[in-house]
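J.: Submitted below is the structure of interest, expressed as structure tokens.
The values are calculated or read from the model by the stated rules, or taken from the named source; none is laboratory data. Remember, it's a predicted structure, so these values are computed and weren't measured experimentally. Cβ coordinates were reconstructed from backbone atoms using ideal geometry, including for glycine residues, and neighbour counts include every protein chain displayed. What goes into the accessible areas is simple: the full protein's heavy atoms, side chains included, and nothing from ligands, DNA or RNA. Shrake-Rupley method; radii C 1.70, N 1.55, O 1.52, S 1.80 Å.
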Amino acid sequence: MQFPAALRRAQSSAINLTAPPIARSVAGIALALVSFGAFLLVIGRNPLSAYATLFTNTLASPSGLSEVAVFMIPFVLTGLAAAVPARVGLINVGGEGQLYLGAWAATGIALFSGIGTPWLMLPLMVLAGFAGGAAWAGIAILLRRWRNVNEVICTLLLNFVAILFVNIFVFGPWKNTGGYGYPYTADFSPAAILPALGDFRLHWGLVLPLLGVVVCYVVINHTRWGYNMRAVGGNVEAARRRGIGVGKYLLLAMLAGGGLAGIAGMSEVAGIQHHLRPGISSEFGYLGFLASWLAGHNPLALLGTAFLLAAIFVAGDLLQISAGLPSAAIFILIGLVLFMVLGLKSRGRAQP
Amino acid sequence: MVSLTDLGELASAAASPVWRRVAGAPAVAEPAETLLGLGTPSSDVPMLSLRGITKRFPGVVANDGIDLDVFGGKVHAILGENGAGKSTLMKIIYGFYRPDAGSISMDGQPVVIHSPADSRRLGIGMVFQSFSLVPALTVTENVALFLPQQGAVLNRPWLERRVREVSARYGLDLNPRARVADLSMGERQKVELIKLILANARVLILDEPTSVLAPHEVDGLFSVFTELKRDGYAILFITHKMREVLASADQVTVLRRGKAAGTAEGGALTAQQLVALMLGIDAPKEVRNTARVKPRPQTAALEFNRVSTGSADDPRSLKEVSFQMMPGEILGIAGVSGNGQQELGETLLGLRSRRQGSVHLFGHDIGRWPLHRILGSGVAYIPEDALGMAVVPQMRVTENLVLGDIGRYNGGLWLDWRAIQTRLGQSLEGFPLPLARAEARADELSGGNLQRLVLARELTRGASVVVAYYPARGLDLVAAEKTRQLLMDCRSRGASVLLVSEDLDELMALSDRLMVMYQGKVAGLFYPENVTLQEVGLLMTGHHA
Amino acid sequence: MNIFWLVLGGAFTGAVGPGVSVLYATYGEVITERAGRINLGIEGSMLMGACFGFLTAVETGNVVVAILAGGLAGSLLSGIHAYLVVFRDTNQLATGLAVTLFGAGVTAYAGRSFVGSSIEGLNPVAIPLFSNLPVVGRALFQQDLLAYAAYALGPLLWAFLHYTKWGLSLRAVGESTNVAFAAGRNPARWQVAAIMAGGLLAGLGGAQLSLALTHSWTEGMTAGRGFIAVALVIFGMWSPLRAMIGALLFGGAIGLQLQLQSIGAPISPFILDMFPYIITLAVLTVWTGAALRAMPEGLKGVLKGTV
């Protein structure tokens, strides 16, 4: 039974744009900036000069652009961690925890393998990061397959466990004895550090998300695996009845997703922190998930949405310094952008 | 016909509020007799009257100047093929669509219907093919949901008593506390009727009500019609089955391509005349299996050996099911939907685990085979729900045609869609049904197009065992006969066909043997020529023939 | 052996207090999900309730006003979720997370100068006679007023869902918006109301957290309690009564953690901190199979996904 016209009438809304999605996204960002500007005005800051400062210090300066690229690395990788499982119909909200586990595993290699050459050390750390993230995501997919536990809730709760898990080590056995009491591990040896790219904080870890996007895009759109994944995600009942190995694809997609988030953790410790400590990620996993959603889980579009969120994130750091806001306040602006873009992007169909 | 000027008085008489009291909160319990029924029907003023109803959609005129009079105490059948405009007309009456032209009156008074709420207020009730019931709620709660006015607190005892009263009066026999999810389709239909009666409907519209019923349940429904007529309800009933029109209708209107091809008193027309009116041509030649084979002793194509699944008290789980299907045989499965038919196919594919018993394909025990091996050894499977179980909605037609078979059309890991398209074209050559264009997305296709897509995929692979659920569902008469011919072709090249259908005529026409299922058990296995429709119908509902 | 019983008894005694905030959020999510929507933003609503409840208490010194402010703040935040998912048809999970991030940002900003402030807050009121009962007395009847209200709210919500016409409408909307619409209900309006009521309850839960449990405000102090509530709704099979058992289990996990800490058990404090999450997951793992059958039909598209 369908009530299309009538339902739509009942739920029609004030906004009904006919513009193409990209234009509506831009409109959304603009609207968010205006709202946040109003907020700045209310708290007694000049929004125009704030925005001008932000622009010149992010997109219009080499150091700013470098910072944006630095944040794009984890956003894209954790975005892929959501995008790949989404292809088979799984929702991975556990990028945050998988990132921590990847960082933990890569740190283990960096501290204890004793390898002296970066050419062996760094690939091993990437593999370890992948394995750590994949293992963490594996818990969720196994509980799903074995006991039908919903993967959204499972991955969400595991994020909190992962952060505590890392704390056990950095406050405990891995704590640097010469670190003035800070809960940090010892600094990595030079072989375990991703070399800088250019004059600022940007490092060679940038290759990882770019490679990840290309591989994911090609596999999903041009190979038999990707075709079967899309079949599983589009209609699992049909895929099953046509003999496609549903369980195998669910498992592999989730492990691959978790692994990609794990690589993000590796990149953070090897490229930025050079040791492991609590709080290496400030909600990167969630922001990656949202970037992927804004991109419709399309790996290429993810580059765009991750860039956008990264730019706002960097701007947030500047606001913290220049306008004296607490760092978490940037989530007000990010929230506004997400609301406006999510809201304007969808056509406001009646019901799912 | 009464002229418009006379209608005022008559209308107020007909609208005398006997029926209005039906569902209001009662101050005192009144005897059932006075609470129910509409009083004496006034038979010469139509309760519902349509004049010149026209509705256009982009590219089609769905309804073209249709006139229709429905009288209290009468059953009026609307007969027509798929796409003749029946559903559009019903949706106009019920307020989903607004007509582009034409007028509607009730009891002679012109009325405007903008929404289902309007039509309900006027006393029009509709039973949809897919019921508007909430399965998770009880019968009582479903009824309460549709009551026009009620207090803040649900008066469950009162509601339950009302359901029992109406059930008793019209022979509906329902437990008010049962969850709708646990009811059979026939029982759900009864809940719909109770709902409408208690919500003060006077004109009851039923959309293909018999499609979910076994033959003797159809007779039961018609006797409920008789009771409802006695109490003055007008019944408008949509169907495409001649037999039902002849059995129940006082009046019949035949729709063809959006126009009323004719209206007549029931019994005035023969079945042949009705078909001619409905199709505008002579009926397509019905495909019949005229050379029925008796199985010879050889290796069965498919054998179920005392197979049981699920829990013993679930009517859908199989219970010690045994049968053999021979090469070159069509084995028809008759049964009311939800009696183990779906489990039969899913057990064959290994989607459902067996508690006991074994399944053999050409003599091999396939119990531990992975699904792709079962399909690879020549099993084709046409599921009951094309959109839900057979196609990927977001994928294009081409992508869906090679679903699960991509290795046959594309050797390596890298996909070359142009080459796939070419090879697909070759393997579809000679397929008699028209297919949607290759670039269309499956979720944009009509039901008929979807079903043809699935048929094309499954019947062009040279399968040796074909499992077909309702293969002609959603197809027009001509395509349906072509589909039946396709199944006969499979049979004549030596494949065996397991045909699951709710259409007993189809089963009787095609099957070499007929197996009846009831509550997951084999209720009977016959040669069709040895049984009557009535006997099969009784077995389908748990009676012994 | 003695220690074992001591710890377990202590865990039970300490279970109700920490469980109450989660119980409110679970009630809220039960209502939201019974209307066929899921709101991961209740984590944010709890933060809003905790923050603005605390702020109001500091500024006015009036606990009742503070509680109301907390509920209102939670409800307003969930209003954003309601508008986006119901009228703009955005993805519910993504929107919920965005709402939570937004709530975290707003509260971090608004509460920044109140970190370290202290208040009188909401203190336990012993119920005469009952509070003297062994074990149960201290566990159940020496609580704050919001805890007592939470005891009553479970049965009341249950009765609302099953014995009023509004409860029937809400459940019908959650099972099938089409049928509910055919029955003359406006599904959009019901869902917005349910989501905002859910946010209100989550806000009250947050207020209980800062006003009664910790008597303080810190950034991100809910630490995933809203997400735990979403898990407990599944464990609770969408029933407010079973939600009470779920919240008690969660509270018990925290109680156990505190007991083990206080007797100086040789376990890393971070492992103890994992207890609430791991016990919630364990409970979900054991119970999900049976629970899913009770899931409102309208949630299946979001929650069940594949498999």
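J.: Accessible area per residue for segment B:95-147 in Å², computed with a 1.4 Å probe and the full protein assembly in place, what is it? Walk me through the numbers before you get to the answer.
T.: On the way: 1790 Å² over 53 residues.
Here the residues of segment B:95-147 average 34 Å² of exposed surface.
J.: A further question on this structure: What is the distance in Å between the Cα centres of segment B:101-174 and segment A:61-100?
T.: After rounding, the separation between the Cα centres reads 52 Å.
J.: Also, I was wondering about something else. What ranking, highest mean first, results for peptides B:126-139, C:155-168 when packing means the other Cβ atoms within 10 Å averaged over each residue? List each step's numbers first, then the result.
T.: Working: B:126-139: 20.9, C:155-168: 16.4.
Per-residue Cβ counts within 10 Å, averaged per peptide and sorted highest first, yield B:126-139, C:155-168.
J.: Most mobile of A:Val42, A:Val269, A:Val88 per a Gaussian network model of chain A (Cα springs, under 10 Å)?
T.: So, out of A:Val42, A:Val269, A:Val88, the one fluctuating most is A:Val42.
J.: Could you tell me the total accessible area buried at the C-A interface, probe 1.4 Å, in square angstrom to the nearest hundred?
T.: 5400 Å²
J.: At q = 0.06, 0.12, 0.13 Å⁻¹, what is the log10 ratio I(q)/I(0) for chain B, with the Debye formula run over Cα points and no solvent?
T.: Values returned for q = 0.06, 0.12, 0.13 Å⁻¹ are -0.34, -1.22, -1.35.
J.: Another question, then. Among the aspartates and glutamates, select those whose C-alpha is under 19 Å from the C-alpha of B:Lys521, and discard any that sit fewer than 8 residues away in the same chain.
T.: Partners found: B:Asp182, B:Glu303, B:Asp313, B:Asp314, B:Glu320, B:Glu343, B:Glu346, B:Glu502, B:Glu535.
J.: Beta carbons within 10 angstrom, averaged per residue: use that to sort the peptides B:454-460, A:288-294, highest first. Let's see the in-between values first.
T.: On the way: B:454-460: 23.0, A:288-294: 29.4.
Ranking, from highest mean packing down: A:288-294, B:454-460.
J.: Taking the dipole about the Cα centre of chain B, with the C-beta of Lys and Arg at +1 and of Asp and Glu at -1, give me whichever of B:Pro315, B:Gly542, B:Gly186 is farthest to the positive side.
T.: Comparing the listed Cα positions along the dipole, B:Pro315 ranks first.
J.: Given the peptides C:81-92, B:44-55, A:192-203, B:352-363, arrange them by the average over their residues of other C-beta atoms within 10 Å, most packed first. Before the final figure, lay out the partial values.
T.: Details: C:81-92: 23.7, B:44-55: 20.3, A:192-203: 17.6, B:352-363: 15.5.
Per-residue Cβ counts within 10 Å, averaged per peptide and sorted highest first, yield C:81-92, B:44-55, A:192-203, B:352-363.
J.: Would you jot down the residues in segment B:346-362 that end up with at least 30 Å² less accessible area in the complete protein assembly than in the chain alone, with a 1.4 Å probe?
T.: So the qualifying set is B:Leu351.
J.: Sticking with this structure for a sec: With the alpha-carbon atoms as the only input, what is the per residue convex hull volume for segment B:194-327 in Å³? Intermediate results must be reported in sequence, preceding the final value.
T.: Values: hull volume 27.2 nm³, N = 134.
Per-residue hull volume (Cα only) is 203 Å³.
J.: Using a 1.4 angstrom probe on the protein heavy atoms only, line up A:Trp204, C:Trp190 by accessible area, largest first. Don't skip to the end; give the middle numbers.
T.: Values: A:Trp204 125, C:Trp190 55 Å².
Highest to lowest solvent-accessible surface, that is A:Trp204, C:Trp190.
J.: Calculate what fraction, in whole %, of the accessible area of segment A:76-298 sits on carbon and sulfur atoms when a 1.4 Å probe is rolled over the protein chains. Write down the numbers at each step before the final one.
T.: On the way: 5040 of 7490 Å².
The C+S portion of the solvent-accessible surface of segment A:76-298 is 67 percent.
J.: Now for a separate question. On the accessible surface of chain B, probed at 1.4 Å, how many percent belong to carbon and sulfur atoms? Numbers along the way, then the final one.
T.: Working: 11530 of 22500 Å².
Its accessible area is 51 percent carbon and sulfur atoms.
J.: Binning at 10 angstrom from zero up to the longest distance, how are the C-alpha pair distances of segment C:1-77 distributed in percent?
T.: The calculated distribution, bin by bin, is 18, 35, 26, 16, 5.
J.: Where only protein heavy atoms count, and the probe is 1.4 Å, what is the accessible area per residue for segment A:76-298 in Å²?
T.: Normalised by residue count, the accessible surface of segment A:76-298 is 34 Å².
J.: Using only alpha carbons, build the gyration tensor for segment A:76-298 and give me the equivalent ellipsoid semi-axes, biggest first, whole Å. Show your work: numbers first, answer last.
T.: Working: eigenvalues 202, 71, 40 Å².
Square roots of five times the eigenvalues give 32, 19, 14 Å.
J.: Which values, in whole Å and largest first, are the semi-axes of the equivalent ellipsoid of chain C obtained as the square root of 5 times each eigenvalue of the Cα gyration tensor? Could the numbers behind the result be given before it?
T.: Values: eigenvalues 190, 103, 70 Å².
Taking √(5λ) for each Cα gyration eigenvalue gives 31, 23, 19 Å.
J.: As a quick test, which of the pairs B:Lys91/B:Lys195; B:Lys190/B:Lys241; A:Lys345/C:Lys165 have an alpha carbon distance above 28 angstrom in this structure? Display every interim value, and only then the final one.
T.: On the way: B:Lys91/B:Lys195 19 Å; B:Lys190/B:Lys241 21 Å; A:Lys345/C:Lys165 36 Å.
Distance filter (> 28 Å) returns A:Lys345/C:Lys165.
J.: Using the Karplus curve 6.51 cos²θ - 1.76 cosθ + 1.60 with θ = phi - 60°, what ³J(HN,Hα) values do you get for each residue of segment B:211-220, in whole Hz, with x for Gly and Pro?
T.: Each residue of segment B:211-220 in turn: 5, 9, 10, 7, x, 6, 5, 4, 4, x Hz.
J.: Still on this structure, I have one more. Determine the per residue accessible area of segment C:2-303 with all protein chains present and a 1.4 angstrom probe, expressed in square angstrom. Don't skip to the answer; put the middle values down first.
T.: Working: 10220 Å² over 302 residues.
In whole numbers, segment C:2-303 has 34 Å² accessible per residue.
J.: Give me the inter-chain shielding for C:285-295: mean count of other chain Cβ atoms within 10 Å, whole number please. List each step's numbers first, then the result.
T.: Numbers: counts 6, 2, 2, 8, 3, 1, 1, 3, 1, 1, 2.
Whole-number average of other-chain Cβ neighbours for C:285-295 is 3.
J.: Mind checking the mean number of beta-carbon atoms from other chains within 10 Å of the Cβ atoms in B:125-132?
T.: Numbers: counts 0, 2, 0, 5, 1, 3, 2, 9.
Per residue, the average neighbour count from other chains is 3.
J.: So how far, in whole Å, is the C-alpha centre of segment A:161-234 from the one of segment C:165-217?
T.: Taking the Cα centre of segment C:165-217 as reference, the centre of segment A:161-234 is 40 Å away.
J.: Take the solvent-accessible surface of the protein heavy atoms, probe 1.4 Å, and return the percent of it on segment C:83-182 that carbon and sulfur atoms account for.
T.: Working: 2690 of 3940 Å².
Carbon and sulfur: 68 percent of the exposed surface of segment C:83-182.
J.: While we're looking at this one, here's another question. What residues qualify as long-range amide H neighbours of B:Ala101, i.e. H under 5 Å apart, gap of 5 or more or another chain, H built at 1.01 Å from N?
T.: B:Thr54
J.: Through the Karplus equation 6.51 cos²θ - 1.76 cosθ + 1.60, θ set to phi - 60°, convert the phi angles of segment C:88-103 into ³J(HN,Hα) values in whole Hz; use x for Gly and Pro.
T.: 9, 6, 7, 5, 5, 5, 4, 4, x, 5, 4, 5, 5, 4, 4, x
J.: Oh, and also: Which of these, C:Thr100, C:Thr13, C:Thr32, has the largest mean-square fluctuation under a Gaussian network model of chain C (Cα springs below 10 Å)?
T.: Highest fluctuation of the listed residues: C:Thr13.
J.: List the extent of the Cα atoms of segment B:400-445 along each of their three principal axes, largest first, rounded to whole Å.
T.: Reported extents, whole Å, longest axis first: 30, 25, 18.
J.: Using protein heavy atoms only (no ligands, DNA or RNA), what is the total accessible area buried between C and B, 1.4 Å probe, nearest 100 Å²?
T.: Numbers: alone 14080 and 24410 Å², together 37000 Å².
Summing both sides, the interface buries roughly 1500 Å².
J.: Relative to the first principal axis of the alpha-carbon coordinates of chain B, what is the inclination of helix B:156-169, with its axis defined by its Cα atoms, in degrees from 0 to 90 and to the nearest 10?
T.: For helix B:156-169, the angle is close to 80 degrees.
J.: Sticking with this structure for a sec: How big is the dipole moment of the protein assembly as shown about its Cα centre under a simple scheme where the beta carbon of each Lys and Arg is +1, that of each Asp and Glu is -1, and everything else is neutral? Debye, nearest 20, please. Walk me through the intermediate numbers first.
T.: Details: 92 positive and 78 negative charges, 195 e Å.
Charge dipole, the protein assembly as shown, about its Cα centre: 940 debye, nearest 20.
J.: If you don't mind, there's one more thing I want to ask. Tell me the Kirkwood radius of segment A:93-158: reciprocal of the mean inverse pair distance over distinct alpha-carbon atoms, in Å. Numbers along the way, then the final one.
T.: Numbers: mean 1/r = 0.0799 Å⁻¹.
Roughly 12.5 Å, rounded to one decimal.
J.: Let me ask something else. Expressed as a fraction of 2.2 N^0.38 Å, the rule-of-thumb size for a compact globular protein of N residues, what is the C-alpha radius of gyration of the protein assembly as shown? Kindly include the intermediate steps, with their values, before the conclusion.
T.: Details: Rg = 33.3 Å, N = 1204, 2.2 N^0.38 = 32.6 Å.
That works out to 1.02 for the protein assembly as shown.
J.: Something else: From the phi angles alone, apply the Karplus equation (6.51, -1.76, 1.60; θ = phi - 60°) to segment B:482-494 and give each ³J(HN,Hα) in whole Hz, x where the residue is Gly or Pro.
T.: 5, 5, 4, 5, 4, 5, 4, 4, 4, 4, 6, 8, x
J.: Let me ask another. In peptide C:160-167, what is the residue-averaged number of other protein chain Cβ atoms found within 10 Å of each Cβ? Provide the component values of the computation, followed by the final result.
T.: Working: counts 0, 0, 3, 5, 4, 10, 3, 4.
Taking the mean over all residues of the peptide, I get 4.
J.: Set Lys and Arg Cβ to +1 and Asp and Glu Cβ to -1, take the dipole of the protein assembly as shown about its Cα centre, and tell me which of A:His203, B:Met126, C:Ile271 lies farthest positive.
T.: A:His203
J.: To the nearest 20 debye, what is the magnitude of the charge dipole of segment B:395-545 about its Cα centre, counting +1 on the Cβ of each Lys and Arg and -1 on the Cβ of each Asp and Glu? Could the numbers behind the result be given before it?
T.: Values: 16 positive and 18 negative charges, 103 e Å.
In debye, rounded to 20, segment B:395-545 gives about 500.
J.: Total accessible area buried between chains B and A, 1.4 Å probe, in Å² to the nearest 100?
T.: Values: alone 24410 and 17200 Å², together 39030 Å².
Between B and A, the summed buried area is about 2600 Å².
J.: Compute a Gaussian network model of chain C, connecting alpha carbons closer than 10 Å, and tell me which residue from C:Leu77, C:Leu23, C:Leu101 fluctuates the most.
T.: C:Leu101
J.: Whole Å is fine, so just give me how far the alpha carbon centre of segment B:516-545 lies from that of segment B:443-480.
T.: Using only Cα atoms to place each centre, the spacing works out to 27 Å.
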